[in-house]
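Reading through the C-alpha cells given below for one structure.
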C-alpha cells in the first residue's frame with residue numbers, strides 16, 4: 001500500500017535565507033580598462049565602498065570578517081577564472097569553506113564570457129557551497145541553490161556579454177570593419193606620408209609630399225647601404241626625420257600619425273620603427289585590415305613596387321602572402337649563447353636581466369632613457385661581469401650548505417609544498433574543463449539533431465563556436481600541465497648527489513648544473529642600485545632560510561653614472577664651495593662625492609679659500625653612507641671598500657647583512673641593535 005506523507009501547511013511567502021555569520025563575506029573589485037584607476041576614479045571609489053556595504057549586510061561593527069579580492073584595473077571579464085589571480089583565490093577560499101557570501105557592484109564584474117562556461121562554473125560553485133551573492137546595484141540578491149536565482153543571474157551575465165558583443169564588438173568594431181573592407185578611411189593612424197582631407201564621412205586619403213619624399217629617401221638609402229643598422233644610425237644622427245607641417249597644411253589636411261615628436265619635426269624611437277616603415281605595404285597603395293591586404297590599389301602609392309618588394313623581402317624573408325622565400329638565406333642562430341649561473345633568474349625592478357657577451361658574459365639592462373631625447377638606440381643602464389656576481393652567489397651557497405646539514409631534505413620538502421600549492425590552484429581549471437566539455441557536448445548534440453535545417457550562415461556560426469570551445473579546452477589543458485614543481489622535481493633528482501655535498505662537488509659542476517641548482521634552491525634573486533656606489537643583492541632561498549631574505553651590499557668602485565649638474569647645484573657650489581663645511585655640502589648634495597664637487601668647482605672657476613683636515617673619503621656620497629644606519633660603522637665599511645681596486649677584491653667589497661646560518665640570525669640582530677638601535681634597513 002502506498003504511504004502518504006502528512007500535509008504540513010506552509011506560509012504563503014518565502015522567507016529569505018539569512019547571511020552566514022560563521023563564514024566570511026568576500027568583496028570582489030574589478031575594472032577592465034588599464035587606465036580605469038585614473039580615468040574612472042568614481043567607479044573604483046564606488047567599488048571600494050563595498051566593504052562598508054558588506055559590513056552592514058552582516059550587521060557587524062568591524063570589518064574583521066570581510067575579505068577583499070581587489071583585481072585592480074586592466075583585468076578583463078573575458079579571462080578564465082585561473083587567469084585572474086584574485087578571482088582564483090576567491091574560488092579556492094569558497095571551496096575551502098572560508099567564504100559564505102559575496103558582494104559585487106554589478107553582475108558584469110564577475111564575467112563577460114563569450115560562451116558562458118565561466119559563468120556556469122562559478123554559479124555551480126556558489127550553489128554547491130551555499131554562498132549568497134549580493135549585488136550593490138539595486139540591492140539584488142541571488143541564492144544559487146534555487147533554480148530561479150541561478151537562471152536570473154545567468155541572464156544578467158548573458159546580457160552583459162550581449163552588450164559587449166552588440167555595442168562594443170559589434171556596432172563600433174563592426175562599422176569600422178565595414179569601412180575598412182571597402183578601403184575607406186576608418187579612423188586609424190596612417191603611415192607617415194599620408195594624410196586625409198574632407199569631412200568625416202567623405203575623407204579621402206592623399207599623399208603628403210613633404211613627408212613622402214623622406215619615405216622615398218629611406219627606401220633608396222636602405223638599398224644603397226644594404227644595412228638596416230647603418231640606416232638607423234644615420235637617422236639617429238639627425239635632429240628629426242619628418243619636418244613639422246606648415247600652419248597652412250595643418251588647416252588643409254588631417255594628420256593621423258603615430259610617431260614621436262622632437263624639436264623641428266618627428267622621428268622614430270627605435271630600429272623597429274624604421275623597419276616598420278620599410279615593410280609597410282601602404283606605401284605601394286595597399287589597404288590593410290587585421291594584418292591582411294584587403295585592397296591592393298586603394299590609394300596613391302609613394303614607393304616604386306619593385307623597390308618596396310626588395311626591402312620587404314630582405315627584412316622579412318617572406319612575400320606579401322606571408323610565404324617564406326625558398327631562395328632566401330636563413331639567419332644562423334647560435335645555440336651556445338652567453339651563459340651565467342643566474343641566467344633567467346636575476347631580476348631588477350624592470351624584470352629579468354639579460355646575459356650578453358659569450359666570451360666574457362655580463363648581466364645587463366638596456367633601456368630607452370627617454371622618448372623625447374632624439375636617440376633611437378637603447379642605452380645600457382646597468383652592466384656587471386657575470387662571474388663576479390656568480391662567484392659571490394656560489395660562495396654563499398657553499399656557506400649555507402656547511403651550516404645546514406639537511407639542505408637536500410629541506411629543498412625536497414619545499415618542492416613537495418609547491419606541488420601541493422599547484423594542486424590547490426588548478427581546482428578552478430578542473431571545474432572549468434567540465435563546463436567547457438559539457439558545452440561542447442551540448443553543441444555537438446544540437447548540430448546532430450538540427451544539421452539538416454541549419455542555413456550556411458548558422459553552420460559557420462556553430463562551427464566557429466565549436467572551434468573556440470575546443471581552443472579553450474586546449475588552453476585549460478595546457479594551463480593544467482604547466483607546473484613549476486615538475487621541472488624542479490626533475491632537477492632535484494638530477495642534482496641529488498650534489499645537494500648532499502655542495503662544498504665538495506659544486507666547483508666540478510657544469511654551467512647547466514649550476515643553473516639548475518640556482519633555480520632549485522632559490523625563489524627569487526634581485527639586484528638593485530640603492531645609492532651611487534652600493535648595490536643590494538637579495539636572495540630568497542627555498543626551505544627554512546626563506547623566512548628571511550639574504551641581503552648582500554656590494555660596493556662598486558666606479559659607481560653609477562652621474563646625472564648632469566642642475567642650475568640649482570651650480571648656484572649652491574658658487575655660493576658655498578669657497579668657505580663651506582664639507583659635511584654640510586655633502587648633505588646638501590647627497591648623490592655627489594667630494595671629488596665630483598671639486599671637479600665641478602674647477603669647471604665653474606670657483607676656488608676654495610679655506611683648508612681643513614677632515615676624514616672624508618673623496619669617492620663616497622651621503623647616500624652611500626645612509627645605506628648603513630650607523631654612520632660610524634658606515635664610514636668604516638665604506639672607507640675599507642673604497643680602497644679596493646682589483647677584481648679579486650670584489651667579494652671582500654660585499655657585505656652580507658646576516659651570517660650564513662639561521663642559528664646566527666639572532667646574534668646578528670642583537671649586534672645591529674647595539675650599533676644602530678635598529679635592525680638593518682634595506683637602503684633608501
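Please state the equivalent ellipsoid semi-axes for the stretch 194-316: what are the square roots of 5 times the Cα gyration tensor eigenvalues, largest first, in whole Å?
Working: eigenvalues 111, 81, 27 Å².
Working through the eigenvalues yields semi-axes of 24, 20, 12 Å.
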Rounded Å value of the spacing that divides the Cα centres of the stretch 245-267 and the stretch 494-510: 63
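Over the Cα atoms of the stretch 24-169, compute the convex hull volume and normalise it per residue, giving Å³.
On the way: hull volume 15.9 nm³, N = 146.
Cα-based convex hull of the stretch 24-169, divided per residue, equals 109 Å³.
If you build the Cα gyration tensor of the stretch 251-307 and take the root of 5 times each eigenvalue, what three semi-axes come out, in whole angstrom, biggest first?
Working: eigenvalues 102, 49, 28 Å².
Taking √(5λ) for each eigenvalue gives 23, 16, 12 Å, largest first.
Set the Förster radius R0 to 45 Å, insert the Cβ-Cβ distance between residue 49 and residue 605 as r into 1/(1 + (r/R0)^6), and round the FRET efficiency to 0.05. Show your work: numbers first, answer last.
Working: r = 62 Å, r/R0 = 1.38.
Step by step, r from the Cβ atoms, then E = 0.15.
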Per-selection metrics, the stretch 484-639 (Cα): Rg and Dmax in Å: 23.0, 70
Gain on full stretching of the segment that runs from residue 595 to residue 462 - 0.36 nm per residue minus C-alpha separation: 40.4 nm
Where only C-alpha atoms are counted, convex hull volume of the stretch 73-122 per residue in Å³: 85
5 Å binning of all Cα-Cα separations within the stretch 250-352, expressed as whole percents from 0 upward: 2, 9, 12, 16, 15, 13, 11, 10, 7, 4, 1, 0, 0
Spin-label pair residue 616/residue 139, simplified geometry with 7 Å Cα→Cβ offset, distance in nm: 6.9
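Using a Förster radius of 60 Å, what is the FRET efficiency between residue 561 and residue 202 based on their Cβ-Cβ separation? Nearest 0.05, please. Spell out each step's value before the answer.
Numbers: r = 54 Å, r/R0 = 0.91.
With a Förster radius of 60 Å, E is 0.65.
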The stretch 507-558: proportion of alpha-carbon pairs further apart than 12 angstrom, %: 68
Diffusion coefficient, µm² s⁻¹, Stokes-Einstein with Kirkwood Rh over alpha-carbon pairs of the stretch 386-479 at 20 °C and 1.002 mPa s: 118
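Could you calculate the FRET efficiency of residue 452 with residue 306 from 1/(1 + (r/R0)^6), where r is the beta carbon distance between them and R0 is 51 Å, rounded to 0.05? Don't skip to the end; give the middle numbers.
Values: r = 53 Å, r/R0 = 1.04.
Taking R0 as 51 Å, the efficiency between residue 452 and residue 306 is 0.45.
Would you mind giving the three semi-axes, in whole Å and largest first, of the ellipsoid equivalent to the stretch 193-263 according to its Cα gyration tensor? Don't jump to the answer; show the numbers that get you there.
Numbers: eigenvalues 153, 39, 18 Å².
Working through the eigenvalues yields semi-axes of 28, 14, 9 Å.
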Residues of the stretch 233-260 with amide N under 16 Å of the 7 Å Cα→Cβ point at residue 314: 233-235
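Using 0.36 nm times the number of residues separating residue 575 and residue 493, minus their current alpha carbon distance, what extension gain do you get?
22.8 nm
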Label-point separation in nm, residue 209 to residue 339, each point 7 Å along Cα→Cβ: 6.1
Separation of the residue 252 and residue 188 label points, Cα + 7 Å toward Cβ, nm: 2.6
Extension gain from residue 62 to residue 380, taking 0.36 nm per residue of separation minus the Cα-Cα distance: 109.3 nm
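All of the numbers you see were taken from the coordinates with simple rules; none came from a lab. A quick note: this is a predicted structure, and the numbers were derived from the prediction, not measured. Every residue, glycine among them, receives a Cβ derived from its backbone with ideal geometry; neighbour counts consider all protein chains shown.
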